[in-house]
Amino acid sequence: MYRHNEKQFQFENFKLPFGGKLRSDNRWVKLAKQIPWQEIEAIYSSSLSGSGKGSPALSVRVAFGALIIKEKLGHSDEETVEQIRENPYLQYFLGRKKYEDKVVFHPTMFVHFRKRFPEDILRQINELIAQNAIDAASKNNKKDHDKDDDNASDSSSTNKGKLLVDATCAPEDINYPTDLKLLNKSREQSEQIIDTLHKAMPKGTRKPRNYRQKARKAFLKVSKSRRVGQKKLRKALRKQLGFLGRNLRSIEKQCRSVSLSELSKRKYKTLLVISELYRQQMSNRFSNPPCYRIFLIDK
């Protein structure tokens, strides 16, 4: 039996027995606001079957939130339960209305939590979280753009004088990142991710083409030049964006046959960074850039 009671209560209403209040900039508080709990509850409750009798199941925020805490902290089941009991921020993340110094659930419940979130349900939840993050990012970008326009109009009438920049103290032996170097590095890392996912594919699966030698040759042709004009640089950037976009599309197709859990945590985080870098570079050049929803909450 399951009771629909998942609601996002006000942050200020969380009660601490020893006084004080939680910080709104804490990572668990921010993460709790980014996850659409009510939509996830609808998917979670529909997957539960029963006659409506017996003790009610734990809410989706406790079940799914506990799995997130366990994966992010990397603790065992028993240690995760202890961390939840001791940390008020974790209890807020699980939807508790006040801090209680007692065990929220037994460690053996993790076995049931994992069974209740099979691959198809995780895929739906990932889509919800990804869409929620995209919507939030677009709203923030719009607010920042409006704010920049206001600041620009204000500064045009108040700023006066000249700005003198002295670069004589900049060290010469540091390799500063540029757009072209970042795209080339991201392309190389995406190729490694494709190789890793291809090893987990069924035998006989054809490996996606990525033109790595051609892309490397195009990058070196520009990077080794002493003087690079704007036209030549823009052309090189378009080429690297094309190679990187092709690799991201190949990874997206591979995800339909193999899970991203085949990647290590380091490579998974690298994939998120690459996707965001590609989105930013495309946003600087196109009004409606493509977006790749590559997100797996259990990594």
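Just so you know, all these numbers are worked out from the coordinates, no wet-lab data involved. Keep in mind it's a predicted model, so treat the numbers as computed, not measured. Positions of Cβ are backbone-derived with ideal geometry, glycine not excepted, and every protein chain shown enters the neighbour counts.
Which entries in the list K203/K267; K224/K267; K98/K142; K207/K269; K142/K253 go over 26 Å, if you measure between the two C-alpha atoms of each? The partial results should precede the final answer.
Numbers: K203/K267 23 Å; K224/K267 29 Å; K98/K142 35 Å; K207/K269 23 Å; K142/K253 31 Å.
Over 26 Å apart, Cα to Cα: K224/K267; K98/K142; K142/K253.
How far apart, in nanometres, would the label points at E127 and D25 be if each is projected 7 angstrom from Cα along the Cα-to-Cβ direction?
Output for this residue pair reads 3.7 nm.
So how much slack lies between R114 and K221, counting 0.36 nm per residue of separation and subtracting their Cα-Cα distance, in nm? Mind dumping the intermediate values first?
On the way: separation 107, 0.36 × 107 = 38.52 nm, distance 5.06 nm.
Computed gain between R114 and K221 is 33.5 nm.
What net charge is computed for the residues neighbouring Q91, neighbours being all others with C-beta under 13 Å from the C-beta of Q91, Lys and Arg scored +1, Asp and Glu -1? Write down the numbers at each step before the final one.
Values: positive: K15, R61, R85, R96, K97, K98, K102; negative: E82, E86, E100, D101.
Net local charge, Q91 excluded: +3.
Hey, with R₀ at 51 Å, roughly what FRET efficiency would K185 and E79 work out to, going by the Cβ-Cβ distance, to 0.05? Walk me through the numbers before you get to the answer.
Details: r = 36 Å, r/R0 = 0.72.
Plugging the Cβ-Cβ distance into 1/(1 + (r/R0)^6) gives 0.90.
Might you report the magnitude of the Cβ-based charge dipole of region 11-119 about its Cα centre, with Lys and Arg at +1 and Asp and Glu at -1, to the nearest 20 debye? Walk me through the numbers before you get to the answer.
Numbers: 18 positive and 13 negative charges, 62 e Å.
That gives a dipole near 300 debye.
R0 = 35 Å: FRET efficiency of D101 with Q34, Cβ-based, nearest 0.05?
Details: r = 28 Å, r/R0 = 0.79.
Efficiency at R0 = 35 Å is approximately 0.80.
Can you pull the three principal axis extents for the Cα set of region 11-119, in Å, largest first?
43, 28, 27
Where does each of 110-119, 185-194 land if you order them by average Cβ count within 10 Å, highest first?
Values: 110-119: 13.4, 185-194: 19.9.
Put in order of decreasing packing, that is 185-194, 110-119.
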